[in-house]
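What follows is a set of notes on a single structure, which appears directly below.
Coordinate-derived values only; no laboratory data. Just so it is clear, the structure is predicted and the values come from calculations on it, not from any experiment. Using ideal geometry, Cβ is built from the backbone for each residue, glycine included, and neighbour counts are taken over all protein chains shown.
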Amino acid sequence: MTGWAWTALALYGFWLLTAFGIRTLIQRRRTGDSGFRGLSGTPGSASWWAGVLFVVALLGAAAAPVVTLAGMPVLTGHAPAVHAVGMAIAVLGVVGTLMAQRAMGTSWRVGVDQEERTALVSDGPFTLVRNPIFTTMAVTGLGLTLMVPNLLAIASLAALAIAVELQVRVVEEPYLRAVHGPAYTAYAASAGRFVPGFGRQRPSPIDTNS
């Protein structure tokens, strides 16, 4: 099991390095700005909890293989097929994350600045889903969890799922609707939230008449 834990740790480290480290350097080189906006909302609010849970999920995902190496048992026992499937899913998620970030271009951000105005990205993978980066992050998290399926990994995946839902529904969708108006309304009606075909939003009468 230690071999899978080391592999999960290395894959996770590569994902962090490329999806956040190198991506930040690319963003700064292109725009002069890192793209990081930090936590939003007042402490205790839903938007604040979204940011906190993201941090918890990231730290927990790093700690999960470490505690396995330290002796914490996995819930599946020795199941090479499960771990191998997990690795394949995680690799798919890592590649998907990088592709989605590239498609977002200079509009890529971590967090939301309510005063900022960025372009609405609706091409590439964004044609199918409105949040492909979050989708592929969840895929990565699922794969890593299957590689070292201990209690900490499962808790981290749950924290990620809650953080993504809060961030998208409470922070990003209201922001995009306010900034882009009818253009976002039309886009949200054609593309799924996380999965193609699911979570599309029907325009309200107010949107239709605006």
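For the stretch 96-135, trypsin sites (Lys or Arg not before Pro) meeting the loop criterion (DSSP other than H, G, I, E, B) and having at most 12 other Cβ atoms within 10 Å: R117. Helical content of the chain, expressed as a calculated mean residue ellipticity at 222 nm, amounts to -19500 deg cm²/dmol (DSSP H runs of 4 or more residues, -39,500 (n - 2.57) each, divided by residue number, nearest 500). Amide H of N150: which non-local residues (sequence gap of 5 or more, or other chain) have their own amide H closer than 5 Å, using H built in the peptide plane? Hits under the 5 Å cutoff: L75. Which of rounded, prolate, oblate describes the stretch 87-210, given a ≥ b ≥ c as roots of the alpha-carbon gyration tensor eigenvalues and a/c under 1.5 marking rounded, otherwise prolate only if a/b is larger than b/c? Prolate shape, in that a/c is at least 1.5 and a/b is the bigger ratio. In order along the stretch 33-45, phi translates into HN-Hα couplings of 9, 6, x, 7, 10, x, 6, 10, x, 7, x, x, 6 Hz, rounded to whole numbers, per the Karplus curve 6.51 cos²θ - 1.76 cosθ + 1.60 with θ = phi - 60° and x for Gly and Pro. Taking amide hydrogens as placed 1.01 Å from N in the peptide plane, the amide H of S40 sits under 5 Å from those of G51, each at least 5 positions away in sequence or on another chain. Assign one of three labels to the stretch 57-103, namely rounded, prolate or oblate, based on the Cα gyration tensor with a ≥ b ≥ c the square roots of its eigenvalues; rounded applies when a/c is under 1.5, prolate when it is not and a/b is larger than b/c, and oblate otherwise. Cα axes put the stretch 57-103 in the oblate bin.
Estimated from the Cβ-Cβ distance and a Förster radius of 25 angstrom, the FRET efficiency linking R177 and R30 is about 0.40. Whole-Hz Karplus values for the stretch 145-160 come out as 5, 5, 6, 9, x, 9, 4, 5, 5, 5, 5, 5, 5, 5, 4, 5 Hz, taken residue by residue from phi with 6.51 cos²θ - 1.76 cosθ + 1.60 and θ = phi - 60°; glycine and proline positions read x. Using only alpha-carbon positions in the chain, the gyration tensor eigenvalues give semi-axes of 32, 18, 16 Å once each is multiplied by 5 and square-rooted (largest first). Per q in 0.10, 0.15, 0.17 Å⁻¹, report the Debye log10 I(q)/I(0) for the stretch 1-113, using one uniform scatterer on each alpha carbon and no solvent. Each listed q corresponds, in turn, to -0.39, -0.81, -0.96. Evaluating 6.51 cos²θ - 1.76 cosθ + 1.60 at θ = phi - 60° for every residue in the stretch 136-142, the Karplus couplings come out as 6, 5, 5, 4, 4, x, 4 Hz, glycine and proline recorded as x.
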